[in-house]
Amino acid sequence: MDILFHNDTSERLGVAELRLAAAEGIRACPLIQRAWLGEPNAIAALHIGFWPFVREFEQAIDKATLPRRPLRERFGSADFRQKFVSLAEEVREMKREEGSHAAHWKKDAQCFGIADLSGPIVASVQKLIDLSYTKDLPLFFSVLAGTEFVAEELASFLLTSPEFLRQSSRGRWVWGEVHTIPHDGGPSHLEIDLDLARAYQETPDLEQIREMVLETVVLFAECANDIGHFYLSDETLLAAE
């Protein structure tokens with residue numbers, strides 16, 4: 001049984017265009033470009049600067065609650081319960097995976113020679129963290145979708161760089177690898193995020209979801225630029241790590 005409430009989200013939201021926006025936005029950031037070139041300080045800034053979000057994101061998903069009543073009232077189909085149970089389990093699986101993703105981020109950092117990920121949280125990263133804890137479910141799942149777009153495109157980009165991978169003692173970036181694994185045998189996390197963002201809207205508004213996803217993508221680029229400015233304009237901050 002198809003567990004999604006909608007089967008036309010990719011086409012109606014223009015997922016390919018959203019993915020392109022994420023790819024272009026993140027690749028335009030000087031921090032990401034310098035990491036791609038294999039600059040150790042840029043790689044350190046990337047891992048330290050985004051660590052507070054990577055660490056918190058698991059908790060944000062764990063704290064999210066999925067009320068049944070709005071979906072039952074909107075869809076009321078005979079298979080509603082099974083769809084809801086299946087999607088709720090997928091969200092719990094996202095939480096478990098984010099825990100492993102955080103562990104990969106930390107281990108990868110160690111392999112890049114970054115012994116300590118502690119550091120100041122730049123304002124835009126804190127904004128991203130706060131946004132991930134929203135109780136507004138259409139916004140919450142739009143943020144998850146935007147995060148997934150960025151993670152997949154960041155991984156795809158940096159994994160093409162031998163110079164970047166050469167800086168790792170194991171010649172790998174496992175966090176990136178797990179974000180480029182094809183989704184087989186069911187809907188991807190991205191598809192589930194977008195489906196639930198639509199399902200929890202009181203009034204159907206695909207353009208609003210699209211805008212919320214794009215705003216998340218833009219915020220990630222802002223974070224990357226702010227991290228780069230903060231850490232790379234005074235590289236003694238990294239030397240102290």
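Read-outs throughout are calculated quantities, based only on the coordinates presented, and are distinct from any laboratory measurement. For clarity, every value in this text was computed on a predicted model and none was experimentally measured. All Cβ positions, glycine included, derive from the backbone under ideal geometry; neighbour counts span all protein chains shown.
Rg and Dmax of segment 1-56 over Cα atoms: what are they, in angstrom?
When restricted to the Cα atoms of segment 1-56, Rg and Dmax are 16.7, 49 Å.
Could you state the angle between the C-alpha long axis of helix 80-111 and the longest principal axis of the C-alpha atoms of the chain, as a value from 0 to 90 degrees rounded to the nearest 10?
Compared with the principal axis, the helix lies near 0 degrees.
Mind checking which lysines have their Cα closer than 24 Å to the Cα of Lys63? Skip sequence neighbours fewer than 8 apart in that chain.
List returned: Lys83, Lys95, Lys106, Lys127, Lys135.
Once semi-axes √(5λ) of the Cα gyration tensor in Å is worked out from the coordinates, which option in (i) 33, 17, 16; (ii) 29, 20, 17; (iii) 47, 27, 13 does it equal?
Here the calculated entry is (i).
Between Arg12 and Gln82, what's the calculated FRET efficiency when r is the beta-carbon distance and R0 is 35 Å? Round to 0.05.
It comes to 0.90.
Place a +1 charge on the Cβ of each Lys and Arg in segment 82-157 and a -1 charge on the Cβ of each Asp and Glu, then give the dipole magnitude about the Cα centre in debye, rounded to the nearest 20.
Rounded to the nearest 20 debye, it is 220 debye.
FRET efficiency for Lys107 and Asp2, Cβ-Cβ distance as r, R0 = 30 Å, nearest 0.05?
Working: r = 36 Å, r/R0 = 1.20.
With a Förster radius of 30 Å, E is 0.25.
Between segment 1-73 and segment 197-215, how many Å separate their Cα centres?
First find each Cα centre; the distance between them is then 16 Å.
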